[in-house]
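Quick notes on the structure that follows.
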Amino acid sequence: MQPETAKQFYSLLNELGLFEEAFEVLDACGMPLTNIGGKFFYSTLFNNIEDETFCVVDIETNGSKVRDDAIIEIGALKIKNYETIDYFNSLIHSKDIPFYITKLTGIDDDMLKYAPKTVDVLHSFKQFLGSSVFVAHDVNFDFSFIDASLMKIDLGPLLNRKVCTIQLAERIFNFEKYGLAHLNEKLGLYKNATFHRALTDASTTAKLFIICLNKLKHCKNTEELISFSKGGKTLD
């Protein structure tokens, strides 16, 4: 949004008496803003890493196409001050799981037959996520899939700030591969990991994320962490 357009937009919100409501809507969609002298900033610009709440997320789906396929499992852990403080885990009702998905994940039709409906799980997950920073291994896939799924059932959009642990790992570690299983083997993240199940993958990713945070003490706030993940100088 251009500065002049933004001013007009904020003025209109004030005239209509909807300014506070707009902030509440943005916050509910995961985008908390801070007003300083009439200018608006992501609150993450002022949040120390230790005080920020990160939500490490993993999903399993019945296919790779965001538009056509569906989420069948969500796992997530909330991280604050380098420790896990809460978790979320649920299968999601779905029909006709492809054989290759069952072979990959171990999730079959019988497991999902009586699982909660998509709308119920995503509503609960969005409440769990809140305004936390969304973290995932290949974050664009998980974020885009959840965002599209929320929009389909009128619960979107998802506007949370996000961090990719693949991007972090590439800038911190000198490995030949950065898949989660390979990083787990190299770094000894999660001894009992069972890959391609949402909560296990989220737990492994959370351990990787905490290791990364401990190596990035120069990042004082969340926006510095996000900037580093997208293009920071590789650590020696």
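The values are calculated or read from the model by the stated rules, or taken from the named source; none is laboratory data. As the structure is a prediction and not an experimental result, all values here were calculated from the model. Don't worry about glycine lacking a Cβ; one is built from the backbone with ideal geometry, like all the others, and counts go over all protein chains shown. Note: accessible area is taken over every heavy atom of the protein model, side chains too, but ligands, DNA and RNA are not part of it. Shrake-Rupley method; radii C 1.70, N 1.55, O 1.52, S 1.80 Å.
Just to verify a result, which residue in segment 125-140, among those that are within 10 Å of the chain's Cα centre (by Cα) and assigned to a helix (DSSP H, G or I), is farthest from PHE228 (Cα to Cα)? So, considering only residues that are within 10 Å of the chain's Cα centre (by Cα) and assigned to a helix (DSSP H, G or I), the one farthest from PHE228 (Cα to Cα) is LEU129.
THR44 meets each of the listed conditions (1) of a type in the set (Val, Ile, Thr); (2) open to solvent by less than 30 Å² (accessible area, probe 1.4 Å); (3) in a loop (DSSP other than H, G, I, E, B) apart from (3).
Residues in segment 51-74 that are at pLDDT 95 or above and open to solvent by 40 Å² or more (accessible area, probe 1.4 Å): ASP51 alone. On the basis of being under 24 Å from PHE88 (Cα atoms), open to solvent by less than 10 Å² (accessible area, probe 1.4 Å) and modelled with pLDDT of 95 or more, does ALA202 make the cut? In short, yes. Does SER144 satisfy the criteria of being assigned to a helix (DSSP H, G or I), closer than 23 Å to HIS93 by Cβ, touching a residue at least 60 places away in the same chain (Cβ under 8 Å) and open to solvent by 30 Å² or more (accessible area, probe 1.4 Å)? It is true that SER144 is assigned to a helix (DSSP H, G or I), closer than 23 Å to HIS93 by Cβ, touching a residue at least 60 places away in the same chain (Cβ under 8 Å) and open to solvent by 30 Å² or more (accessible area, probe 1.4 Å).
Per the listing LEU189, LEU158, the residue uniquely under 19 Å from the mean Cα position of the chain (by Cα), closer than 26 Å to PHE128 by Cα, surrounded by 15 or more Cβ atoms within 10 Å (Cβ to Cβ) and among the hydrophobic types (A, V, I, L, M, F, W, C) is LEU158. Contact map, segment 209-221: first residue free of Cβ contacts under 8 Å to residues at least 12 places away in the same chain, second residue not aliphatic (A, V, I, L, M), Cβ cut-off under 9 Å, separation 6 or more or different chains; pairs are HIS218/GLU224; HIS218/PHE228. The lone criterion from (1) loosely packed, with under 14 Cβ neighbours inside 10 Å; (2) touching a helix residue (DSSP H, G or I) at 6+ places or on another chain (Cβ under 7 Å) left unmet by LYS220 is number (2). Test VAL163 against the criterion of being open to solvent by 50 Å² or more (accessible area, probe 1.4 Å), of a type in the set (Val, Ile, Thr) and at pLDDT 95 or above, and give yes or no. Criteria not met by VAL163. Tell me, which residue of segment 223-236 that is among the hydroxyl-bearing types (Ser, Thr, Tyr) and in contact (Cβ under 8 Å) with a residue 60 or more places away in the chain is most open to solvent (accessible area, probe 1.4 Å)? Among those that are among the hydroxyl-bearing types (Ser, Thr, Tyr) and in contact (Cβ under 8 Å) with a residue 60 or more places away in the chain, it is THR234. Taking segment 169-217 as the range and being touching a helix residue (DSSP H, G or I) at 6+ places or on another chain (Cβ under 8 Å), under 24 Å from SER227 (Cβ atoms), part of a loop (DSSP other than H, G, I, E, B) and among the charged types (D, E, K, R) as the test, only LYS215 passes.
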